[in-house]
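Single-structure report; data block below.
The values are calculated or read from the model by the stated rules, or taken from the named source; none is laboratory data. Since the model is a prediction, treat every value here as computed from it, not as a measurement. Glycine also receives a Cβ, built like all others from the backbone with ideal geometry; neighbour counts cover every protein chain displayed. Please note that ligands, DNA and RNA were not included when accessible areas were found on the heavy atoms of the full protein model with its side chains. Shrake-Rupley method; radii C 1.70, N 1.55, O 1.52, S 1.80 Å.
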Amino acid sequence: MKKIVFTGGPSAGKSKIIQKLKEYLERLGYQVFIISETSTEIINAGFKWWDNSIETNIYQKLIFKYQLDKENNIITAIEEANMDNVIILLDRGLMDGKAYMDAEDFRNMAKKYAFSETNIYMRYDTVIYLESVSIQFPEIFSDENNKARKSNVNQAKVFDEKVKEIWKKHHDFIEVKAYQTFEEKYENVLKEIKKII
């Protein structure tokens, strides 16, 4: 079982790339599972962090617990079913919350679930950071493909840089720069995927 996290700032192409990779990997004979972005699910459920109706730390705690439950439930089911050639593609992982919280608050939250940051990194085999278009091509930044996204281009840049800084401590951290077209970015992700499967 290989667990690959895709991370990056808003408008990095994570969800679309994950879906296309799933199709590619299944054609190669892998059993592929996707763990979708938890924050988007929670926003779609009705929580709105941007209007201050829920405190940031409470919101991030909700994401952390929900993410952890999803990961554990899917991994347990795969193990119980004795599945082979499994790849799990995660749209963000447990460390992403640190980009939106005070570092000490994040560590204390993780500790409640018996995690150190090292333990969290070890949960995942590879982390692929996809640079947001906000970094190099702000003129094409858009929130049209995800109605739950509420970041403007400047906020996206800040979140992107924070997420990169957090995840680059992972033992198998891969960076894929932004491109003007989805096809260019996908091809570069595919090159990296071929090296690790």
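Residues are listed down the side, and each one gets a yes or a no for (1) at pLDDT 95 or above; (2) more than 15 Å from SER11 (Cα to Cα); (3) more than 17 Å from the chain's Cα centre (by Cα); (4) surrounded by 13 or more Cβ atoms within 10 Å (Cβ to Cβ):
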residue: VAL153; (1), (2), (3), (4): no, no, yes, yes
residue: GLU161; (1), (2), (3), (4): no, no, no, yes
residue: ILE174; (1), (2), (3), (4): yes, yes, no, yes
residue: LYS191; (1), (2), (3), (4): yes, yes, yes, no
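Taking the range 67-98 on its own, how many of its residues are over 25 Å from LYS20 (Cβ atoms) and surrounded by 15 or more Cβ atoms within 10 Å (Cβ to Cβ)?
Summing the residues that are over 25 Å from LYS20 (Cβ atoms) and surrounded by 15 or more Cβ atoms within 10 Å (Cβ to Cβ) in the range 67-98 gives 3.
Looking for something at pLDDT below 95 and of a type in the set (Val, Ile, Thr) - is there at least one such residue anywhere in the range 103-126?
No: the range 103-126 contains no residue that is at pLDDT below 95 and of a type in the set (Val, Ile, Thr).
Any idea how many residues of the range 180-197 are touching a residue at least 12 places away in the same chain (Cβ under 8 Å) and among the hydroxyl-bearing types (Ser, Thr, Tyr)?
Looking only at that region, the number is 1.
Can you tell me which residues in the range 22-39 are in contact (Cβ under 8 Å) with a residue 40 or more places away in the chain and farther than 27 Å from LYS65 by Cβ?
TYR24, LEU25, LEU28, GLY29, TYR30
Condition first: part of a helix (DSSP H, G or I) and closer than 18 Å to TYR30 by Cβ. Now tell me which residues in the range 72-111 satisfy that.
Listed by number, the residues that qualify are ILE74, ILE75, ALA77, ILE78, GLU79.
Sort out which residues of the range 64-89 are within 12 Å of ILE120 (Cβ to Cβ) and of a type outside the set (Phe, Trp, Tyr), and write them in order of number.
GLN67, LEU68, GLU71
State yes or no: is LEU62 in contact with a helix residue (DSSP H, G or I) (Cβ under 7 Å, 6 or more places away or on another chain) and open to solvent by 50 Å² or more (accessible area, probe 1.4 Å)?
The answer is yes for LEU62.
Can you tell me which residue is least open to solvent (accessible area, probe 1.4 Å) among those in the range 46-59 that are outside any loop (DSSP other than H, G, I, E, B) and among the aromatic types (Phe, Trp, Tyr)?
Among those that are outside any loop (DSSP other than H, G, I, E, B) and among the aromatic types (Phe, Trp, Tyr), it is TYR59.
Name the single residue, out of those in the range 179-189 being within 16 Å of PHE141 (Cα to Cα) and within 18 Å of the chain's Cα centre (by Cα), that is surrounded by the fewest Cβ atoms within 10 Å (Cβ to Cβ).
Checking each candidate, the answer is PHE182.
Could you tell me whether any residue of the range 173-184 is among the polar types (S, T, N, Q) and in a helix (DSSP H, G or I)?
No, there is no match, as no residue in the range 173-184 is among the polar types (S, T, N, Q) and in a helix (DSSP H, G or I).
Mind listing just one residue for me: the one in the range 99-134 that is free of Cβ contacts under 8 Å to residues at least 60 places away in the same chain and small (Gly, Ala, Ser) and, of those, most open to solvent (accessible area, probe 1.4 Å)?
Once the filter is applied, the top-ranked residue is ALA114.
Report, by residue number, each residue of the range 15-45 that is of a type outside the set (A, V, I, L, M), at pLDDT 95 or above, in a helix (DSSP H, G or I) and out of contact with any helix residue (DSSP H, G or I) (no Cβ under 8 Å at 6 or more places or on another chain).
GLN19, LYS22, GLU23, GLU26, ARG27, listed by residue number.
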